[in-house]
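Below is one structure, written out as structure tokens; the observations come after it.
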Amino acid sequence: MFHPRAALLHHTAALGIALAALLAPRQATARGASAGGGPAPSARPAPPSLVTEAERTGFRRTGRYAEVERLCRAFEEAYPGRARCVRFGTTPEGRPMLAIAASDDGTLDPAAARAKRRPVILFQGGIHAGEIDGKDGGFWALRELLDGAMAPGALAAATAVFVPVFNVDGHERFRRNQRPNQRGPEEMGFRATAQNLNLNRDTMKAEAPEMRAMLALLDAWDPVVQVDLHTTDGAKFQHDIAVVVEPSVPHPGGLDAVARALSGELQARLSALGHLPLPFYPAFREDDDPSSGISTEPGPPRFSQSYSAARNRIGVLVETHSWATHAERVRAVHDVLAALFERVSSGAGALKAAAERADAASARLAGVPFALTYRAGPVSRIFPFRGFAYEKRVSEISGGTWTRYDESRPEIWRVPLFDRIQPDLTVTAPEAGYVIPAAYAAWVADKLRLHGVRYQILPEARPGFAVEAFRADAVTFEQPFEGRTRVKLQGAFRPERQDLPAGSLFVPIAQPRAPLVLHLLEPLAPDSLVAWGFFNASFERKEYMEAYVAEEEARRMLAADPALRVEFNARLRDPAFAKDAKARLDFFYKRHPSWDERVNLVPVFRVAAPP
């Protein structure tokens, strides 16, 4: 039976031979020995080595971040005018965040790319620094792109931007056995940053300095495709790479159709190269239970590939399989980048045109329903998933169920695939946009700038302005997550009039980033600023009425308002309410003139006309 791992090992062995042949002419020219054995008088200095620690050690090891710093400069020196080393940020521990821009015609900065309408492809490694295949495979791919050995013509059609390691401080938290559910390299970095933040959960809230730097890089270069290079966790199986392309659900301007076509091309090319690719992330609905099936709904925009889609760009999540060797995973990264840039060499302009159509369509979303989340429907189909024989035992260690996989016995699992995706949370975009009161304007404006969202500052107050306001009927605070206390609300927008102070922000919906605006500002969106807890003070009471005062005021209110007595008596028919003295007094406090009308009012208003 064909096994991809054998083919990949053959490819990896061939890599060392091909690499030696690739470097030999360059090194021989540099040596230029004379007849007497010494250097020739006209010999040039030896070019910098572009070989990685992974390649030198047969992929047993991966280099430290000093290697990234060295190679960034070395690429610039080895390919003058065609590669540029860029520092785009500094980590909390003071390390430089580096990228390499590459093109055949010297389009090596964002201004030049915009002037030439040059499509940009950005690929990044090490957002989870223990999953480091993207760094080693990315350097290999970039070298071949510049040498013309991979996708000839790609760098004439597009500019490549490579971030070898996104989570730099995590990368330098370097030790053995960091990921015991991964085969190699011998040592590796850590999943989270020095501030213990997972960067692949920080995209929307943008609190980590590293993420703020990355968002600035994305806003400057505006890549039409962003590729995020990961390694999976999970079960043992034969599939060696998953490539998820977003948007996979309906998107303004038909960007989803372009993404689906690209996904199909990547799957076909990887299969031709000997891989067993998947177009979805291979996580079972219940851990270690293939019979529970796989759901393929897109994730929220905290994840890089979904964030790209919210920006009207194509996002590609690459997940090599953790139980393949590091050599096999690096080869898989190399091959998926080769497949992508082969597509780019002939279709970069079409990808840019698709992004521009999505921008234009998004700017016309006013008053249009837009799905913020999706879910898999209840109907599945059987997918022939290439796994291994396994058995489940009762564990004497944990007392639970233990799954044991036998990698010597490949087999086909009949896995239910839930890929009939339907909208879950749908909102109608406001006719004009959103208003954020002046008290919150400074920090909200900072978030909007990071995401490239346009806004205006109101120069004058707008008293009694017609808005839709969201008042939470129920508030649930979740367990701390990624350094924040997330919140879930129940409620809806309702017409009101609000005083809008001077200095408030107006965020128009008529702009290319309208989908991102909806994800950021709709209170019920899973990655909104509200959901991430930035407005949690709005759900806290700050004033109180003493119980003895409430008793007196309740009697006055009942005497003055017979309808209130009818309403109160009706509530008393609820046994739980009737037994709760505090709830009974709160019934009157909430109807008293002293009640703070801003409690549970979300300070994000929808407006039908610009203020």
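The values are calculated or read from the model by the stated rules, or taken from the named source; none is laboratory data. Quick caveat: nothing in here was measured; it's all calculated off a predicted structure. FYI the Cβ positions are ideal-geometry reconstructions off the backbone, even for glycines, and counts take in every protein chain you see.
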Residue that is nearest to A353 (Cα to Cα) [pool: residues in the stretch 96-113 that are surrounded by fewer than 20 Cβ atoms within 10 Å (Cβ to Cβ) and under 24 Å from the mean Cα position of the chain (by Cα)]: P110
Residues of the stretch 432-475 that turn out to be without any contact (Cβ under 8 Å) to a residue 12 or more places away in the chain and more than 25 Å from A220 (Cα to Cα), as a count: 0
Residue satisfying all of: in the stretch 340-383; surrounded by fewer than 18 Cβ atoms within 10 Å (Cβ to Cβ), among the basic types (K, R) and more than 17 Å from R513 (Cα to Cα); farthest from the chain's Cα centre (by Cα) among these: R381
Hits in the stretch 77-94 (condition: assigned to a strand (DSSP E or B) and hydroxyl-bearing (S, T, Y)): T90
Odd one out for R393 among (1) among the charged types (D, E, K, R); (2) farther than 30 Å from H275 by Cα; (3) under 24 Å from the mean Cα position of the chain (by Cα): (3)
Among the candidates D586, D596, residue that is more than 19 Å from L505 (Cβ to Cβ), part of a helix (DSSP H, G or I) and out of contact with any helix residue (DSSP H, G or I) (no Cβ under 7 Å at 6 or more places or on another chain): D586
Pair list, Cβ < 6 Å and 6+ apart or interchain, from the stretch 297-310 residues that are more than 14 Å from Y281 (Cβ to Cβ) to residues that are modelled with pLDDT of 95 or more and basic (K, R): R302/R201
Matching residues, the stretch 160-192, being farther than 23 Å from C72 by Cβ and either touching a residue at least 12 places away in the same chain (Cβ under 8 Å) or crowded, with 24+ Cβ neighbours inside 10 Å (or both): R175, Q178, R179, N181, Q182, R183, G184, E186, R191, A192
Conditions (1) within 27 Å of V435 (Cβ to Cβ); (2) crowded, with 20+ Cβ neighbours inside 10 Å: number failed by P526: (2)
Flag if P526 is of a type outside the set (D, E, K, R) and farther than 30 Å from P430 by Cβ: no
Residues of the stretch 300-320 satisfying the condition of being touching a Lys or Arg at 6+ places or on another chain (Cβ under 7 Å) and not in a strand (DSSP E or B): R302, R311
Complete set of residues in the stretch 438-472 that are within 18 Å of Q498 (Cβ to Cβ), among the aromatic types (F, W, Y) and part of a helix (DSSP H, G or I): Y440
Filtered residues of the stretch 237-274 (kept if assigned to a loop (DSSP other than H, G, I, E, B) and not polar (S, T, N, Q)): H239, D240, P247, V249, P250, H251, L273, G274
Those residues of the stretch 22-76 which are under 26 Å from R183 (Cβ atoms), assigned to a loop (DSSP other than H, G, I, E, B) and either aromatic (F, W, Y) or modelled with pLDDT under 90 (or both), in sequence order: F59
Pairs, first over 24 Å from D424 (Cβ atoms) in the stretch 228-249, second surrounded by fewer than 24 Cβ atoms within 10 Å (Cβ to Cβ) and of a type in the set (D, E), C-beta under 7 Å, six or more apart: A235/D288; K236/E407
Tally, over the stretch 286-299, of residues that are in a loop (DSSP other than H, G, I, E, B) and at pLDDT 95 or above: 5
Hits in the stretch 541-560 - residues which are touching a helix residue (DSSP H, G or I) at 6+ places or on another chain (Cβ under 9 Å) and not in a helix (DSSP H, G or I): Y544, M545
Members of the stretch 258-273 found to be surrounded by 18 or more Cβ atoms within 10 Å (Cβ to Cβ) and in contact (Cβ under 8 Å) with a residue 60 or more places away in the chain, listed by number: V258, L262, L266, R269, L270, L273
Residues located in the stretch 384-437, provided they are surrounded by fewer than 17 Cβ atoms within 10 Å (Cβ to Cβ) and outside any strand (DSSP E or B): S395, E396, I397, S398, G399, G400, R420, E431
So V599, is it closer than 30 Å to L521 by Cβ, touching a residue at least 40 places away in the same chain (Cβ under 8 Å), of a type outside the set (F, W, Y) and touching a Gly at 6+ places or on another chain (Cβ under 9 Å): no
Selected residue [within 15 Å of the chain's Cα centre (by Cα), surrounded by 18 or more Cβ atoms within 10 Å (Cβ to Cβ) and aliphatic (A, V, I, L, M)] from L229, L146, L255, L155: L229
Residues located in the stretch 100-133, provided they are of a type in the set (G, A, S) and touching a helix residue (DSSP H, G or I) at 6+ places or on another chain (Cβ under 7 Å): A102, S103, A113, G125, G126, A129
Close pairs (6 angstrom Cβ cut-off, 6 or more residues apart or separate chains): at negative phi and outside the structural domain of E77 (by TED's automatic domain parsing) in the stretch 97-117, crowded, with 20+ Cβ neighbours inside 10 Å and not in a loop (DSSP other than H, G, I, E, B) anywhere: none
Residue among A242, A208 that is within 14 Å of the chain's Cα centre (by Cα) and more than 30 Å from R364 (Cα to Cα): A208
Residue within the stretch 219-232 that is modelled with pLDDT under 95 and not in a strand (DSSP E or B) present: yes
Any hit, the stretch 444-464, residues being of a type in the set (G, A, S) and more than 24 Å from R311 (Cβ to Cβ): yes
Meets criteria (touching a Lys or Arg at 6+ places or on another chain (Cβ under 6 Å) and assigned to a helix (DSSP H, G or I)) for A339: yes
Test: residue in the stretch 485-494 that is in contact with a strand residue (DSSP E or B) (Cβ under 8 Å, 6 or more places away or on another chain), at positive phi and surrounded by fewer than 18 Cβ atoms within 10 Å (Cβ to Cβ): yes
